[in-house]
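Chemist: Dropping a structure here in structure tokens format, bear with me for questions.
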Amino acid sequence: MDNQKDFSILFVFESFKNWFNYIFSNVRKITILTTSFLVIILLYNYLKSPVHYARTSFVLDSESSSNSIGDIASLASLAGINASSFIDASSLFQIDNIQELYRSSSMLKQTLMSNSVFENKNELLINRFGNEESIDKKWNKLGVNFSDKYVVESNSRLHDSVLMEAVKIIKEKYLLVDKPSRKTTILEIGFDHKDELLAKSFNENLVSIVNNFYFKTKTQKTGENLQILQRQADSVKKVLDKSILFLAEKDQSIPNPNPLTKVSLVPYQKALVDVQANGAIYQEIVTQLELAKVTHRNKTPLIQIIDKPTLPLENSRLKLLECLVYGFFGGLLIAIIYFSLLRFYYSLIK
């Protein structure tokens with residue numbers, strides 16, 4: 001058994017020695033192959049247009065905290081008001097829904113139809129995108145021209161189909177919507193493209209359009225409720241002021257009332273009742289108005305930009321040192337594998 005074991009170890013050692021001698025005997029060919037691979041990597045890296053990465057990350061606090069909701073409920077209970085009409089517990093815009101909003105065709109179409117400055121010239125993003133993707137000539141053959149304001153505003157079926165084609169390409173190739181961590185409410189929005197200025201502008205416009213839409217939609221219900229209560233408060237305040245003035249006039253008209261003539265006091269007493277009733281109504285509306293203001297502030301989402309794309313953007317082009325390292329070791333590995341397989345093939349033939 002020991003002899004067999006020694007023999008197997010010796011056989012492996014001899015095989016490795018023969019393989020090493022074979023590789024060493026072809027060192028000139030391996031050097032040529034490695035150098036060729038290194039040159040190819042360098043040419044590919046510096047001649048091919050790099051892909052630029054435009055990234056925007058922001059913190060999204062879309063829901064009020066439980067403490068804030070508890071404070072509102074406590075304030076409402078002290079005032080004798082049911083807070084259920086103000087506190088909306090729906091999760092219409094949770095973080096996952098926001099990600100889908102960024103991927104929606106509607107938001108991407110609005111972004112494509114937005115303007116941006118390229119080389120001191122205002123230009124629609126759809127035109128820049130079509131030119132960079134080399135599909136604008138096909139659009140022109142179909143009679144689609146986004147530079148014509150009247151045609152753009154007409155929103156024809158043909159224009160919609162072209163926009164949807166562009167949106168489909170963006171979703172498949174260039175758009176990135178990611179949540180780096182499940183435990184946080186940080187979103188990362190990215191747009192990758194070989195055109196650096198287009199990548200930056202599209203990313204910035206998309207974030208601006210979606211966040212504005214989110215902000216308006218999130219606060220629309222509480223904002224409308226706040227406006228209604230404010231109008232009611234202003235209206236009741238005017239009525240209260242008039243009733244107070246009317247009460248003062250009635251009080252002035254009877255400076256020394258005769259306690260035996262009860263009928264003469266009726267107008268004054270009716271005016272006093274009106275003042276008290278209007279005062280109670282106004283106090284109730286003001287309480288609800290203040291509660292609505294608190295709710296509206298808590299429903300206003302916090303969107304805090306952390307990072308935004310700045311020129312020059314990061315891109316896919318490797319640095320020179322990385323090219324040399326990857327090219328040399330990659331070429332060397334490929335060359336060694338190639339000659340090893342070639343040796344194995346010749347051994348099988350023999």
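Chemist: Arrange the following residues from fewest to most other Cβ atoms within 10 Å of their Cβ: TRP19, TRP139.
Modeler: TRP19, TRP139
Chemist: Between GLU172 and ASN97, with labels modelled 7 Å along Cα→Cβ, what's the label distance in nm to one decimal, could you check?
Modeler: Taking the simple label geometry, GLU172 and ASN97 are separated by 3.1 nm.
Chemist: Applying the Karplus parametrisation 6.51 cos²θ - 1.76 cosθ + 1.60 with θ = phi - 60° to the phi angles of the stretch 281-289, what ³J(HN,Hα) value in whole Hz is obtained for each residue in order, glycine and proline being reported as x?
Modeler: Karplus-based 3J(HN,Hα) across the stretch 281-289 equals 5, 5, 5, 5, 5, 5, 4, 5, 5 Hz.
Chemist: I would also like to ask the following. Taking other Cβ within 10 Å of each residue's Cβ, how do ASP136, ASP234 sort, fewest first?
Modeler: Lowest count first: ASP234, ASP136.
Chemist: Which residues does the label zone of SER208 cover in the stretch 33-60, counting backbone N under 19 Å from a point 7 Å along Cα→Cβ?
Modeler: It comes to 54-59, nothing else.
Chemist: What length, rounded to one decimal in nm, is gained on full extension from ILE334 through to GLU119, with 0.36 nm per residue of separation minus their alpha-carbon distance?
Modeler: So the chain would gain 72.9 nm between ILE334 and GLU119.
Chemist: Stokes-Einstein diffusion coefficient for the stretch 177-296 at 25 °C in a medium of 0.890 mPa s, Rh from the Kirkwood formula over Cα pairs: what value in µm²/s?
Modeler: 124
Chemist: Only counting other Cβ atoms within 10 Å, I'd like LYS179, LYS218 sorted with the fewest neighbours first.
Modeler: The most exposed by this proxy come first: LYS179, LYS218.
Chemist: I've got another one for you. State whether the stretch 110-208 is rounded, prolate or oblate according to the following rule on the C-alpha gyration tensor (a ≥ b ≥ c being the square roots of its eigenvalues): a/c under 1.5 gives rounded; otherwise a/b larger than b/c gives prolate, and the remaining case gives oblate.
Modeler: The shape class here is prolate.
The numbers here are math on the coordinates, done by the rules we state, and not lab data. Owing to the predicted nature of the structure, the values given are computational and were not obtained by experimental measurement. Glycine also receives a Cβ, built like all others from the backbone with ideal geometry; neighbour counts cover every protein chain displayed.
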